[in-house]
Each structure stands twice: as C-alpha cells, then as structure tokens.
Amino acid sequence: MSAFLRLDGLVKRFKRALAVDHVSLTLERGELLALLGPSGSGKTTTLRLLAGFETPDEGRVLIEGDDVTGIAPVSRRFGMVFQHYALFPHLDVRANVAFGLESLGVRGADLDRRVDRALALVDLEGYGLRRIGQLSGGQQQRVALARALAPEPRVLLLDEPLSNLDPTLRERTRREIRDVIRRVGITTMLVTHEQDEAFELGDRVAVMREGRLEQVGTPDELYGAPVNAFVGGFVGRSSTAEVAVLGPTARGVRIALEGVEWDVEGVPGRPLPPPGRALMLIRPEALRITAREPGAVLATITGRRFVGPSAIFTARTDGGAMLEVVAPPQAVPAGAQVGLMPSRRVGGGVHLFPMDGE
Amino acid sequence: MTATPRSRLLVVVLLAGLVWLVAYPLVLVLLEGLRETSGWTLRYVRLFLERPTEWQALWGSLWISVASVVLAGAIGIPLAFLFARYDLPGGRVLGGLVALPVVLPPLVGVLAFLFLYGETGFVSLLVQRLLGLSEPPWRLQGAAAILLVHAYSMYVYFYLFVRAALQSLDASLYEAAASLGAGRWRTFRRVVLPQLYPALGGAAVLTFMAALASFSAPYIFGGGFRVMPTQIVATRLNGEDRLAMVETLSLTLVALVALWLFRGARRVESATGGRKGEGPSRIPVRRRSLRIALAVVGWGLAATLLLPHLTLLLVSFVPLGTWTIEPVPPAYTLRNYLTLVQDPVRARPLLNSLWLATVATLAAVGIALAGALVSARRRMPGSRALEALLALPWAVPGTVFAIALATAFSVRAPWTGRLILVGTPWILPLAYLVRNLPITSRAILGGVRGLDPSLDEAAATLGAGPGRTLRRITLPLLRPALLAGASLAFVTAFGDFVTSIMLYTYDTRPISLEILSSLRQSDVGVAAAYGVILMLVSAAVFALGAERGGAG
C-alpha cells in the first residue's frame, strides 16, 4: 500500500536560515503522526508547508499520489487547528463551524445537519448560538476542532493544540482530541513540543531538530532505541556520562565508568559501538542505589524529586557526572554516600553514542 | 484601590472645576437663546425657524459633513489596505508620507490649497496655460472647494484607523479562512470587514464631527455658501447675539444626534484590545509590471499629497508684491523669515502662540492626569461624571465652545461664577484648554488603564508612599501616554483658528490670525512663512510624541 500523504524532500529557507532541511515523511491513511521538537526546530514551518501557507524552496507534498505543492491553501482541503484557534470573533459557534461547509457550497438542511454533526462530535450540542468570547479555553479548542473537521478535509493539521490550556485541562482535552480523531479516522499531523502529548496522541512520532528529521518511529522505538543522544535526551528522562567502551561481550559490550566496569546489553538491530570513548545515555530506571561496594560507582545524593509512587534521585559521582536514579522516596537521605549499579530488573535503558564532534 | 479622603477631595475639586469651565458655559449659552432682558422668550427660536438662510446653513453643514465622510472613506480605506496588506516598493516610507496632512493645521491647509488651486494658484495657472484658456479653469469656491479640503485633511482618520485595525488582525484568521476554503473576496467580506466595523465607525464619527465643526475652509472658500459655524460668526458680527445662541443650539443638537446615531462606534477600543498571535505579514507583490505600476501610482500619490506642503514652503520665499500673474514666482528671498524674527510686531504672534499653547497644554495634561488617575484607579462616586465632563467638549463644535466661553466670561457676576475674562490674555489659554481636554484625557486615560494595578501594589509592599509611587512608578510608565496627549494638545492649540478668531485680543493675537491679516494685505510670503513654521512645529511635536510613545 502506497503512502496516503507524502512529504518528499521539503526544504524551506528564511533569509539565510534553513528552517526545514530536506524533510521526507510518509503517513498511512488514518494515521496520526506527531511532529515533536524544541522551539525553533522547524516543526511548525513543516506543518505550514503542508497546509500551503508557506511554499517550499525544494521538495513536494503528495496526497494519494497527487502533487499539491503548488496548490493554494484555499483549494487544498487540509483542515487546520491553529495554536490560538483563530476563531472568527464576530461569528457565533454555529457560523464558525458552518464557514468551511459554506465554502463548499453546502446550504440549507444539509448544512444544518452537518454543523450539528460536527458540534456533536466535540460534545458542544446546544452551544451553537454562543459567541466565541463566551466560551472557555477548552470549549474554544473544541470549536476550532469542529470547524476544521466539518468540511471533511483530507488531512487534519494541529499546531500545538493544547499549548493555550492550563495543565489540568490539558490532559482531559488531549484524550478528547484523540477520541475524536480516532472516531473520524482522519489522517492527522500534530505539532508539539511536549513529549507526553506526542507519545499519547501519535501512532508514530517524528523528532525534529534544527530543521532536520532526527528519527521517526513508534513511541516504544524512540524510547527504547534512540538513534542519537539528542533523541534519547529529548524523549523521556535520562542522564549522560562519558564512558570508555572496552569491548564486546556475549550480549553487548563492556564499558568502564570512572574505573568501574559494567556489562551493557546491546540494542537489537543496532551495531555495537567500537572500543574507545563514548557518550552513555542512561535511563533513571536502569540504575539502582546500593552500598559503596565493589562494582558500584561511588556517588553522593544531591537531590530528590517525587514522581508518582517513587522518586528520582540526583547523584553526583565522585568523578563529577550527574546521574538520575529511580528509587522508593525514603530510600536514602540527601547527602548520603552511596554506590550506583546497573539495575538487575531492567534490560536495556543504556545507550552508547559516539562523542559529539567525533 | 479604594478611595482615600485625599482622592475624594481631588474628585470634588476636579468636578467643580470642570462643571464651571465646561458644563456651565454651555448651559448658559443654550439658555441665552431663550431669554431676553425682560424674561423668557421663544422670539429668537421663531426667528431662526422662519429664516430660510438658517435652514440652508444647517442643511449645508449636514450634507457637507456626510459627503466628507464618504469622500474621506473612499480615499482612506483603499490606501489603508494598500499599505497594510501589500509589500510595496518603498511601502514603509510611503505609508508614513500618506499620513502627512495631519501636520497641516486647518487654516494652513486652506492657505496651501489657495496657493495651489486658487485663482492664481500654481496648478490653476498651469492648466490655464496648457489649455490656452483666457480665465482660470475653475474657481476654488463654494461646497466643492470645502469638500476638496475636507477630503484631503480628513481621509487620514480612515487611513490610520483602518490600517491599525488591519495590522492588529491575527494573521491566522486569514489562514483559517483559507484552510476552510474561503477565497479572497469571501475572506474579506465575511472575516476581515466585520472586524473593521469598529475602526470604520470610529473614523466616520471623527470625520463627521471634524467636518461639522470645520471653520477654516468654509470661512475662506465658502463665498455665498454658508455652513452653521460660519453663519454663527456672521450673525454675531451683525450684532444679533441671541439669534447666534439659537444657531449654536441647533449645531449642538446636530452634533449630539450624530453621536447618538454612531454610538455603536464607541466600542473601538475594546475591539482592538484582544489581540492574539502575530500580525499578518504583508503580501508581496511579485509581478514586475504590477510592482512598477504600483510604485508609480504610490509615489505620484505621495507627491500630490505633499504638494500643499511644498507649495507653502515655496511661497514663503516670495518677496512682497513681486508675484502677480506669473505661474511661478519670479524672485525669492529669506526676508519673510527674517521679518518674523526681527520685527517685534511680526514676532509677537509667534511668541503668543507659543506661550498660549504651552500654558494650555500643561494645564490640560495636569487636569487629564489627575482625572485619569482618580477615575481609572479608584472606584468612587463621581468618576463617571468626571470622565463625561472631560469628554464633553469633543461633542461640541469649537465655534459653540468659543461662543459659550465668550458668553459666560464677559459678565462680572462672581456670585454666579461669572468673571470678565474676555479681553484679557487668559481667555485664549482657557479656551484651548477646554478644547484639548477630550483628546488629552483620552490618551492619558488609555495609558492609565493599560497600567497593571499590581505595580502600584508592589510599590506599596516595598514601602513606597503615594508620592514616591507616582514619581518613580506611575509617571515614568505613563510617559508615552503623557507625551502623546501633550503633543496632540499642543499641536491643536498652536494651530487653532476657530476659537481664536472669536476670543483674541490684539495683544494676544495668535499665528492663525496673523496669517489671515497677512493674506488680507496680500502679503502671501509672510502668511506662508507663518504657515511653514506652524507646519514644522506641528511635525516636530508629533514626531516627539510618537517616538516616545513607540518606545514605551
């Protein structure tokens, strides 16, 4: 099956800066892809290239094999939910939702029926005559979604849809958005800088940095097998330290951290790092706190953060590396002299990358 | 913040002062028309109703004002779209130049038009020569001449209001409309235009009120065509004072009815407040031929708009009596400017205007600041009345206020609050002050409302008393608003003609009246030199106000 939506080598320059640097992506029909990256990574520009608000300097946008690169946003039939919603303040909810349908020439009873259906989809029946200013932020968000979906676009684009909501509302709205999109089954591209959002909403997640696509994959793939330290660090909690790779073992490699040797499992499908210096990225759950015993890296506990039923401790090794460790909240007091060892329970969680600039 | 005894006292003092200065003279003049020495009478009202000339003047005022709104809109709105939405070659410079008619005080604009399109104006003579006519191709007189000047000086309201509204529209509104399949025309009609209604309404009100109150253009160009403000002055010159009061009443009523009809336009400020997201970027014009055409049109337009300014400058170098029938003056000199400095009689009006405008501006800023601080910062009885009194002079044409002050302060009756100020140097600054209160307090009130009240509270928690908070926190933050308010007040007072002509004395004659008398003596060079000075000072003061305003 060929891709439903295809971004083919998109390049966009602003003045001298390369905002989007040869981005290629494919989306299957009905798939939800989350574009994740820090601000300035080019993710919003990529979305706007898709919507047609920007014209790429190179590359194409294809939908079901049709090249729509040069087609104006007006006739592209891509629905979009804007970061600030961009609801028309002088029109009521109904008129906002009807706007796109009217563009298609839908009139009369058919129009009413389809507006009602869109409002029902986002649970806003009975809100049709409200003015935009009378709605809460979450309701405005849903009106924006209903407005974008009402004309039954081919693709739905969401630009940081939750960034204007307060945190308590965010989680609920996230679920609502996911349910609506699943129910409609529309192919969707979402832009966000929140990892939680990307992981919960996206079937696949594409991580961007400085205009380039770093890695595309399912949340599990990104977390379990990041291609570089940036993706590993951007996705989930982790800490890094410089290590020496000593050589291969039966299931992975042997490394040395501050003179202490650990065996590390390899990641399936990834080549083992060659011997020499490497950057270790380690998840907090891949470490455990022990006594200062042989095989443990010596460290001092410097801080503690509660995360649900457990806590994440920050430890400074005697060699100066800052590492995070998961443990029960009462495990050790601050300032304790401890040892750190790889956790026996969890396989993986340790990733080795070439040092920057090498 | 709540009311303190001190702020209560301030409200009472301000209210009393404003009632005495603003409301009382108006009530007096409106009542005078219904009275004579023996008691109440409707004689003058009947006289007014019976004279066809009165009806003609009232009708003239009305239709001229409506036509001015239409014309100003027809010029200003397309220009606003052009410069706000499209990225034109030299667009930034042009966009600024287009607003330049603002720096011409009404009388100076009229003067420039006279030099350009009058019987012996440059353009008139040029056309006459080109076509080989024996007479000038047109006469700059009557309603058409008035409308020409109004259109030129008033389209700026539409231009500035609509441009600001367009620039404050969230860019994603356009994109949302496009992504919902709306084409350019539908986006304009359904999305953009409705958001412009407040700006259009605001500009229409301003233009209507300015045209209704306009005095300079009808006074110089009217000829047999009368509008109410010139009619009032003529009636007073005939000695029919009480009839003039009835005319004043009629003009006030027209103004109030117009404001009532346009009351929806009051929402201008609230509509432009809720800005989110980024302003729309300008649409680049790519096609080469179109770019060139637009550049030619744009710069041609700018040249036309700047013609009055340049003409004034040119004529100001013409020596007395040397320019008669030539299309271009034959000789040039700096004498006109030197005279203004060296001849004490000529220098006097300059100094007069300077000190009169300065005093009026300082007083207006002081009163407006005090009023804004107590009414916007503290909820207390009387603050709404205070704001209404500060805004009231705006609703009343300048001629009406001049007559009101002339009536109230020409009688010595201290127990009824009436003094003799007419004929003293104090009546003019007082009149300027009253006329400036609305614009000044509007600017300053806006600034005060924009301040975060928690800044005051923060200062208080840091141990700053009211005086220190005002000096260290409030005033520095209000600087842009204060400068904007002051510059508007100063420019208006410095160029004032309509109130001055009724209240000036020989010793306090301001520049505008000296321009008029120079013109009457055919000393066009000196008249133009005064005009250039008015123009340059206005421009400099505006630039100062805008620059500081922009920085804040």
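Just so you know, all these numbers are worked out from the coordinates, no wet-lab data involved. Just so you know, these numbers come straight off a predicted model, no measurement behind them. Glycine gets a Cβ as well: all are built from the backbone with ideal geometry, and neighbour counts include every protein chain shown.
Summary of values
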quantity	calculated
CD proxy at 222 nm, helix term only [per DSSP H run n ≥ 4: -39500 (n - 2.57); per residue of chain B; nearest 500]	-22500 deg cm²/dmol
Volume in Å³ per residue [convex hull over Cα atoms, computed for the range B:123-221]	141
Distance between modelled label sites at residue B:188 and residue B:141, nm, 7 Å Cα→Cβ extension	4.1
Equivalent ellipsoid, chain B (semi-axes from 5 times Cα gyration tensor eigenvalues, Å)	36, 35, 24
Burial ordering of B:309, A:193, fewest other beta-carbon atoms within 10 Å first	A:193, B:309
Packing-based exposure ordering (other Cβ within 10 Å, fewest first) of B:188, A:230	B:188, A:230
Which of A:75, B:134, A:239 has the fewest Cβ neighbours within 10 Å, and the rest in rising order	B:134, A:75, A:239
Of A:219, A:38, A:329, the one that fluctuates the most in a GNM where chain A has Cα springs shorter than 10 Å	A:329
Relative contact order of the range A:237-353, defined on C-alpha pairs under 8 angstrom at six or more residues apart (%)	30
Karplus-derived 3J(HN,Hα), 6.51/-1.76/1.60, for each residue of the range B:250-263, Hz, glycine and proline x	5, 5, 4, 4, 4, 4, 5, 4, 4, 4, 5, 5, 9, 4
Extension gain from residue B:27 to residue B:289, taking 0.36 nm per residue of separation minus the Cα-Cα distance	88.2 nm
Amide H contacts of residue B:227 (H built 1.01 Å from N, under 5 Å, at least 5 apart or other chain)	none
Beta bridges per DSSP with both ends in the range A:5-229, % antiparallel, nearest 5	55
Kirkwood Rh, angstrom, the range B:340-552 [1 / mean 1/r, Cα pairs]	18.7
The range A:5-229 - Rg over Rh from alpha carbon coordinates, Kirkwood radius	0.97
J(HN,Hα) series, the range B:389-394, from Karplus relation 6.51 cos²θ - 1.76 cosθ + 1.60, nearest Hz, glycine and proline x	5, 5, 8, 3, x, 5
Chain A, relative contact order in percent, only Cα pairs under 8 angstrom and at least six apart counted	15
Student exercise, the range A:1-138 dipole from Lys, Arg, Asp, Glu Cβ charges, in Debye to nearest 20	400
Calculated FRET value between residue A:178 and residue A:112, using beta carbons and R₀ = 35 Å, to 0.05	0.80
Surface/4 of the Cα convex hull for the range A:171-217, nm²	3.5
Antiparallel DSSP beta bridges within the protein assembly as shown, percent to nearest 5	75
Theoretical ellipticity at 222 nm over chain A - DSSP helices of four or more residues, -39500 (n - 2.57) apiece, nearest 500	-7000 deg cm²/dmol
Residue A:272-residue B:126 pseudo-label distance in nm [points 7 Å out on the Cα-to-Cβ vector]	9.0
11 Å cut-off, amide nitrogen to a point 7 angstrom out along residue B:517 Cα→Cβ, residues in the range B:344-375	B:345-349
Estimated FRET transfer efficiency when R0 is 45 angstrom, pair residue B:543-residue B:46 (beta carbons, to 0.05)	0.30
Whole-Hz couplings from phi, Karplus 6.51/-1.76/1.60, listed for the range A:132-139; x for Gly and Pro	4, x, 8, 9, 6, x, x, 5
Label-point gap, in nm, between residue A:120 and residue A:263 - each point 7 angstrom along Cα→Cβ	6.2
Space enclosed by the convex hull of the alpha-carbon atoms of the range A:1-86, per residue, Å³	111
Potential lengthening between residue B:253 and residue B:306 on full extension [0.36 nm per residue; Cα-Cα distance subtracted]	15.4 nm
